[in-house]
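One structure is given below, encoded as structure tokens.
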Amino acid sequence: PIACVGLAFALALVAVRPAAGVSERERFVLPSVREMRSILGNSQRSAFTALVLVEAAALGALTAIFRAYGRDVLGVTLAHQGLLLIPAAVVGAAVVVPGGVIADRLGAKRVMVPGFAVTGICLLMLARWSDPAFVAATAAVAGVGFGLAVPAIASTMMALAGSTSSRGGVIGWFMTMDGIGHAAGPAAAGVLLATLGAEAVLIAAGGLFLAAASIVLSSRLGEREAAIVPVDVLPPA
């Protein structure tokens, strides 16, 4: 439910920020086979690939059931649903810049783990309770969690891309994974919605956000001292 305005705005910032300093041509250059080996062979880049897929699928699933959640779970009109989620939209957008500052000072990992975890827990709670006041407050907390993590996602992507001649291809790979996640999420959500209802989609999305937190926690993603192996250091194929 929180993907209506606030998280959509926050996601747009992710899409804009990684593109800074990358030409339009570079953004859509696909990696070569040799570069693909470097991307998937590096543990951090592999972990970030999984993170992007999981996070994008969760957001896509929430977008797909936005109206179904208000109609079937909350039992409210679209206008009423929008009013309930205004706090999430406002705070989700408002904490993006502070989230970037915090990530710069504490490290991206220390922002992404609690941000994704809080978002996931809130979605699980929203699947269980439908009191309007509770929904508004819980969605707002979820908006804060995800909004804080957004800049850390972007900065981690740029760090993993490095400054090599294949930087555009690496970014293109991550953007492709993001697109796949946004396509797979709504498709899976549609199946769950038709068979088990909107609550099941919320539970699944909450689980995906918790999985995202686990991926970051169990890897070196977002750690300042973590070394990135550039693509160009691989020997010629």
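The values are calculated or read from the model by the stated rules, or taken from the named source; none is laboratory data. Note that the coordinates shown come from a computational prediction; the quantities given were computed from them, not determined experimentally. When we count neighbours, we look across all protein chains shown, and the Cβ atoms used for this are built from the backbone with ideal geometry, even at glycine. Surface areas here come from the heavy atoms of the whole protein model, side chains and all, with no ligands, DNA or RNA. Shrake-Rupley method; radii C 1.70, N 1.55, O 1.52, S 1.80 Å.
Values computed for the structure shown
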| quantity | calculated |
| --- | --- |
| Accessible area expressed per residue, segment 96-136, with surrounding protein chains retained (probe 1.4 Å, Å²) | 48 |
| Rounded to whole Hz, the Karplus (6.51, -1.76, 1.60) HN-Hα couplings of segment 99-111, x for glycine and proline | x, x, 5, 4, 4, 5, 8, 9, x, 4, 4, 6, 9 |
| Segment 79-226, accessible surface, carbon-and-sulfur percent (1.4 angstrom probe) | 71 |
| Under 13 Å, Cβ to Cβ, from residue 205 - net charge with Lys/Arg +1 and Asp/Glu -1 | -2 |
| Calculated from backbone phi, Karplus (6.51, -1.76, 1.60) coupling profile of segment 76-86 in Hz, x at Gly/Pro | 10, 6, 4, 5, 5, 4, x, 5, 5, 9, 4 |
